[in-house]
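The values are calculated or read from the model by the stated rules, or taken from the named source; none is laboratory data. Note that the coordinates shown come from a computational prediction; the quantities given were computed from them, not determined experimentally. Because the Cβ atoms are built from the backbone with ideal geometry, glycine has one as well, and the counts that use them run over all protein chains shown.
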Amino acid sequence: MQDIIIEKPYKFIPPHRGSFLPWSILKLGIVPWYLKKFEGVVSHQLRGVDHLRESMRLGHGVLLAPNHCRYADPLVMAFLAKEAEVSMYAMASWHLFQQSWIQANAIRAMGAFSVYREGLDRQSLDMAIEVLSNPGRPLVVFPEGAVFRTNDLLQPLLDGVAFMARAAAKRRNKEGTGKVVIHPVAIKYVFHGNLEKAVDITLDSLEKRLTWTRLKEAGTLQRIHRITVAMLSLKEIEYLGKAQDGTIEERQQRLVDHLLDPLELDWLGKTARDSIIPRVKALRMKIVPELTTGELVERERERRWDHLSKIYLAQQVASYPPSYLVSPTTDTRILETVERLEEDLTDKACVHGPLEVILQVDEAIEVPVDRGPRGEEDPVMKQLRERLQSMLDVLSTESNPVL
């Protein structure tokens, strides 16, 4: 399980507010160097930057809402900042500030501030509303809430984005200082290398880990399918006693519910049928806060970590859309899936490149003061979801097809 839960009390980390330091970092070329060395991103394209420039010219409070498919996403937003000639603030999960002193200070220097995903972080929320209430620097928030290696497929969005934007819109409306707008930003990675050469070594390693001998006649897609089914079957045997029947989608949902239903009854008093991230978030908000106090007896501490490992597994299982590699697929989708398989088995993925990243900024969505009818999907989130997925659908055609 990746180190995303930090077993110590949360403390809000504010952003560096000056512009000199982030602009110096951008001008020194540190971001492109890092992306090339550690993420395989060697080039970029920017589209629709004038939409952002216009909102900044008008003095709007600007929230940039990109999709989140790779760990490189926050860094590639620096290309947009440089082109638009604007410094940015960004919400970043608190665990990212706990990895190393260098990383913590680097992301803070670029305008990031912490958000505690396992509880109500009033300071982070207030910081976001403050940024959106004042013109000058956009706020970057990833509304999917977590990294999903499915570049062409948007995951369900978290409503907190609209909540903070609407709170700022109310403040600006009351003060007569203008509007708050959301710009959807589609991030698309395109692979420009030899696919078979890029993934062959990784697939060999995964097959050896499963004690298999490679079938020489098997193609890349067949090998990926075998590994994916094997991983699912192993977890079914572990938790359900045997490999299950049915479609992959049915088996995934059955295992996810088997893992989460008892935990939801234990911690929430009821089961849920939401998408995976809201279920994960609701459980973590109950389990983690007391875990960070250091006051739990060892038996209870172990019980909570066992529950967190099951929650993490459920999120892994749900992260493989069954139709993502249905033919005709693309080299980028295959690359993403291989990376996800490796990450799930080893907690890390090799760098595969060369990648080109495309950032496309859409027209502004004006945030109204009122939410709209209760019981219905938030109209702001609906627009954001539809706009982002529409852009991703078009951008998906820029990847190379694989039959």
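Remarks
- Hits in the stretch 152-182 - residues which are touching a His at 6+ places or on another chain (Cβ under 6 Å) and outside any loop (DSSP other than H, G, I, E, B): V181
- Of the helices (runs of 4 or more DSSP H) contained entirely in the stretch 289-403, those carrying at least 2 residues that are assigned by TED's automatic domain parsing to the domain that holds I201 and closer than 23 Å to R223 by Cα fall at 298-317, 331-346.
- A single member of K179, K170, K174, K188 is among the basic types (K, R) and free of Cβ contacts under 8 Å to residues at least 12 places away in the same chain, and it is K174.
- Count of the stretch 350-386 residues which are surrounded by 20 or more Cβ atoms within 10 Å (Cβ to Cβ) and in contact with an Asp or Glu (Cβ under 7 Å, 6 or more places away or on another chain): 2
- Failed item, numbered, when R214 is tested on (1) assigned by TED's automatic domain parsing to the domain that holds P74; (2) at negative phi; (3) part of a loop (DSSP other than H, G, I, E, B); (4) not aliphatic (A, V, I, L, M): (1)
- One residue stands out among those in the stretch 217-266 that are acidic (D, E) and not in a loop (DSSP other than H, G, I, E, B): the one that is surrounded by the fewest Cβ atoms within 10 Å (Cβ to Cβ), which is E238.
- Within the stretch 242-271, residues that are farther than 12 Å from L232 by Cβ and assigned by TED's automatic domain parsing to the domain that holds L232 have Cβ atoms under 6 Å from residues that are small (G, A, S) and in a loop (DSSP other than H, G, I, E, B) in these pairs: E264/A272, counting only partners at least 6 apart in sequence or on another chain.
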